[in-house]
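Before I ask anything, here is the structure I am working with.
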Amino acid sequence: METIYDEIEIEDFTFDPITQLFQYPCPCGDRFAISFDDLKDGEDIAVCPSCSLMVKVIYEPEDLDEYEEELK
């Protein structure tokens, strides 16, 4: 089973409409990342590419509507 480091609200992530990634600082110095499409598909685990830590993204599907507007 995966070990979740923390649970983070989607509002605390930064969203880049160009890469379509939500990112949040990781204690190792890198950033947790999860794509917009993954969140739309119901995935809620953001992974740090530099270490083994993972965080759960706390959000409701309707929270993604405002970010979808940035993609248009």
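Between exposed GluC sites (Glu not before Pro) in the chain, where DSSP calls loop and at most 12 other Cβ atoms lie within 10 Å, what's the longest gap?
Working: sites that count: Glu2, Glu43.
Answer from the scan: 3-42.
Also, quick follow-up: Neighbour counts of other C-beta atoms within 10 Å: give me Leu53, Leu71, Leu39 arranged from fewest to most. Don't skip to the end; give the middle numbers.
Working: Leu53 17, Leu71 10, Leu39 21.
Ordered by Cβ neighbours within 10 Å, fewest first: Leu71, Leu53, Leu39.
Would you please give the residues with an amide H less than 5 Å from that of Leu53, counting only those at least 5 places away or on a separate chain, with H modeled from the backbone geometry?
Here the answer is Cys48, since their amide H atoms fall under 5 Å of that of Leu53.
If you work out Rg and Dmax of the Cα atoms in Å from the coordinates, which of [x] 11.7, 37; [y] 13.8, 53; [z] 15.4, 52 do you get?
[x]
Taking 8 Å as the Cα distance limit and 6 or more residues as the minimum spacing, I'd like the relative contact order of region 6-62 as a percentage. Mind showing how you got there, number by number?
Working: 88 pairs, mean separation 19.5, N = 57.
Taking the mean separation of contacting Cα pairs over the length of region 6-62, I get 34 percent.
Work out the length of the dipole vector of the chain about its Cα centre, built from +1 on the beta-carbon of each Lys and Arg and -1 on the beta-carbon of each Asp and Glu, and round it to the nearest 20 debye.
Details: 4 positive and 21 negative charges, 97 e Å.
The dipole magnitude comes to about 460 debye.
Taken together, the values in this text are just the output of simple stated rules run on the coordinates, not laboratory data. Given the structure is predicted, the values throughout are model-derived calculations rather than measurements. FYI the Cβ positions are ideal-geometry reconstructions off the backbone, even for glycines, and counts take in every protein chain you see.
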